[in-house]
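The values are calculated or read from the model by the stated rules, or taken from the named source; none is laboratory data. Since we're looking at a predicted model, the values are computed, not measured. When we count neighbours, we look across all protein chains shown, and the Cβ atoms used for this are built from the backbone with ideal geometry, even at glycine.
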Amino acid sequence: RTGDTDTEAESAIAALWREFGRSPDQHVRDRLVLHYAPLVKYVAGRVGTGLPSHVDVSDLVQSGIFGLVDAIEKFDPERGLRFETYAMQRIRGAILDDLRSQDWVPRVIRSRAREVERAHDRLGARLRRTPTDSEVAAELGVSVRELRDLYGQLRLTSVVALDDLVGANTESGPGTAAETLPDEDAVDPATVLVDRDNRRQLAEAIAQLNERDRIVVSLYYFESLTLAEIGRVLGVTESRVSQLHTRAVLRLRAKLLEQAGG
């Protein structure tokens, strides 16, 4: 009976999409929004992980709803993407845009983030490998403990993470993970090559990370584990995973900017 129920639900949502395609009125759109609303709560919860306590997840959900509506109105089934994949990126983008507009990251933290990125960039170019925490700390003139405390503060800036990194070396600005997925029906070969190059460079940058950083990036972004779950996998605390995540994002950013400069 469960299988029959699932099939009926899939048929019903498919019928809604067909109806919306024929006549995109607000009533049908609202029914689609209601159906996919759990995606907003899921994405808002993930984005909210590690943010300061004054950031209300309910506000993130409200911003995400606008992203969901935008996704429904702009979704093109002919591209071959699953709607859920496309919508989650739009929802995430709307939430991040709202956070940026609030300028919720203190200026001093933004400044420190740039300092750490530049240190990673300089050391990576000089050493031709990923620098250790000790080497980064020495470059910044701080202790390893102070550097790790700094990573904890910088987690506020890493929420944009891979969304910005994927498009870090493109003239048109940041892209999203969904926008870099292959489109089998694409008619512009130049666009296909650019997308493939972005994915290749991101994959190469991830491959250059040390093993623990690669594990954190893979589990968080590709396996959708929470920081707490990753901590259990690695046998460390959630706060330590947050530090590792921030460090990995900063290292990825430095590597991609180095590739862009090269």
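Could you tell me whether Tyr36 is touching a helix residue (DSSP H, G or I) at 6+ places or on another chain (Cβ under 9 Å), at pLDDT below 90 and either surrounded by 12 or more Cβ atoms within 10 Å (Cβ to Cβ) or farther than 27 Å from Phe222 by Cα (or both)?
Details: touching a helix residue (DSSP H, G or I) at 6+ places or on another chain (Cβ under 9 Å): yes; at pLDDT below 90: no; either surrounded by 12 or more Cβ atoms within 10 Å (Cβ to Cβ) or farther than 27 Å from Phe222 by Cα (or both): yes.
No.
Restricted to region 68-85, and to residues that are under 11 Å from Leu39 (Cα atoms) and either of a type in the set (S, T, N, Q) or surrounded by 21 or more Cβ atoms within 10 Å (Cβ to Cβ) (or both), which residue is modelled with the lowest pLDDT?
My answer is Thr85.
For region 170-178, does any single residue satisfy the condition of being at pLDDT below 85, under 30 Å from Glu19 (Cα atoms) and in contact with a Phe, Trp or Tyr (Cβ under 7 Å, 6 or more places away or on another chain)?
Taking region 170-178 and keeping what is at pLDDT below 85, we get 170-178.
Applying the additional criterion that residues be under 30 Å from Glu19 (Cα atoms) yields 176-178.
From the residues that got through so far, the ones that are in contact with a Phe, Trp or Tyr (Cβ under 7 Å, 6 or more places away or on another chain) too are 178.
Within region 170-178, one or more residues are at pLDDT below 85, under 30 Å from Glu19 (Cα atoms) and in contact with a Phe, Trp or Tyr (Cβ under 7 Å, 6 or more places away or on another chain).
Please enumerate the residues belonging to region 206-225 that are in a helix (DSSP H, G or I) and either among the small types (Gly, Ala, Ser) or surrounded by fewer than 19 Cβ atoms within 10 Å (Cβ to Cβ) (or both).
If the condition is that a residue be in a helix (DSSP H, G or I) and either among the small types (Gly, Ala, Ser) or surrounded by fewer than 19 Cβ atoms within 10 Å (Cβ to Cβ) (or both), then Ala207, Glu211, Arg212, Arg214, Ile215, Ser218, Tyr221, Phe222 are the ones that fit.
Look through Gly152, Gly141 and report the one residue that is at positive phi, surrounded by fewer than 19 Cβ atoms within 10 Å (Cβ to Cβ) and either under 23 Å from the mean Cα position of the chain (by Cα) or assigned by TED's automatic domain parsing to the domain that holds Ala254 (or both).
Gly141
Taking interchain pairs and intrachain pairs at least six residues apart, which have beta carbon atoms under 8 angstrom, with the first residue in region 116-129 and under 15 Å from Thr246 (Cα atoms) and the second β-branched (Val, Ile, Thr) and in a helix (DSSP H, G or I)?
From region 116-129, the pairs are Val116/Val136; Ala119/Val136; His120/Val136.
Looking at Val159, Val166, Val136, can you tell me which residue is among the aliphatic types (A, V, I, L, M), assigned by TED's automatic domain parsing to the domain that holds Lys255 and modelled with pLDDT of 70 or more? Spell out the reasoning first.
Working: Val159 fails: modelled with pLDDT of 70 or more; Val166 fails: modelled with pLDDT of 70 or more.
On inspection, the qualifying residue turns out to be Val136.
Across region 111-138, what is the number of residues that are at negative phi and not in a helix (DSSP H, G or I)? Before the answer, list the steps.
Keep residues of region 111-138 that are at negative phi, which gives 111-127, 129-138.
Retained after the next criterion (residues that are not in a helix (DSSP H, G or I)): 129-132.
Counting residues in region 111-138 that are at negative phi and not in a helix (DSSP H, G or I) gives 4.
If you check every pair at least six apart or on different chains, which have Cβ atoms under 8 Å apart with a residue in region 8-36 that is more than 14 Å from Lys74 (Cα to Cα) first and a residue that is in a helix (DSSP H, G or I) and acidic (Asp, Glu) second?
Val28/Glu19; Tyr36/Glu84
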